[in-house]
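Peer 1: Have a look at this one before I ask anything.
All of the numbers you see were taken from the coordinates with simple rules; none came from a lab. What you are looking at is a predicted structure, and each value in this text was computed from that prediction instead of being measured. Cβ: placed from backbone, ideal geometry, glycine included. Neighbour counts: every protein chain shown.
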Amino acid sequence: MNRKILVAAAVLGIIAIALGAFGAHGLKKLIEPEMLITFETGVRYQMYHALFLLFVGTTPLVSEKTKKIVFILTLTGVLFFSVSIYFLACNTLFSFDFRKIGIITPVGGLLLIAAWGVLLLNLIKRKG
């Protein structure tokens, strides 16, 4: 499980860096400044959670069961939260109106909060 978590952390980090560079250089002329800020929020949260998974995958303080739950919540949360933000920020570039599926953004945020909460509960319950 640790290897899977670390690979996912690395992939999320690589994608966050690439999307951050794309946002700063490629999207600057294509979308409104406030939408660029929104896009950057998605990148920032994706990178935060890449680092979060890096911690979870390397720490002995978290049980394997908790690591699996945190991994699933975090990965799904990033997909729902950050990816939906990317599409919402770039909505004017597509023929599909991504505002129709915008409800998944807060769901993703709740999943990310849940991942941190599961980690917190595991650490509180931990003996020693």
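Peer 1: Can you give me the number of residues within segment 80-128 that are touching a Phe, Trp or Tyr at 6+ places or on another chain (Cβ under 6 Å) and on the phi > 0 side of the Ramachandran plot?
Peer 2: Within segment 80-128, residues that are touching a Phe, Trp or Tyr at 6+ places or on another chain (Cβ under 6 Å) and on the phi > 0 side of the Ramachandran plot number 0.
Peer 1: Taking the residues in segment 82-128 that are hydrophobic (A, V, I, L, M, F, W, C) and assigned to a loop (DSSP other than H, G, I, E, B) as candidates, determine which candidate is nearest to ILE15 (Cα to Cα). Steps first, please.
Peer 2: Residues of segment 82-128 that are hydrophobic (A, V, I, L, M, F, W, C), as a first pass: 83, 85, 87-90, 93-94, 96, 98, 101, 103-104, 107, 110-116, 118-121, 123-124.
Adding the requirement that they be assigned to a loop (DSSP other than H, G, I, E, B) leaves 90, 94, 96, 103.
Values: CYS90: 17, PHE94: 21, PHE96: 23, ILE103: 23 Å.
Step by step, filter segment 82-128, then rank; the result is CYS90.
Peer 1: Can you pull out every residue in segment 51-86 that is within 18 Å of the chain's Cα centre (by Cα) and free of Cβ contacts under 8 Å to residues at least 12 places away in the same chain?
Peer 2: PHE55, ILE72
Peer 1: Filter segment 92-128 down to the residues that are polar (S, T, N, Q), within 22 Å of ILE31 (Cα to Cα) and buried (at least 16 other Cβ atoms within 10 Å of the Cβ) and list them by number.
Peer 2: Correct list: THR105 only.
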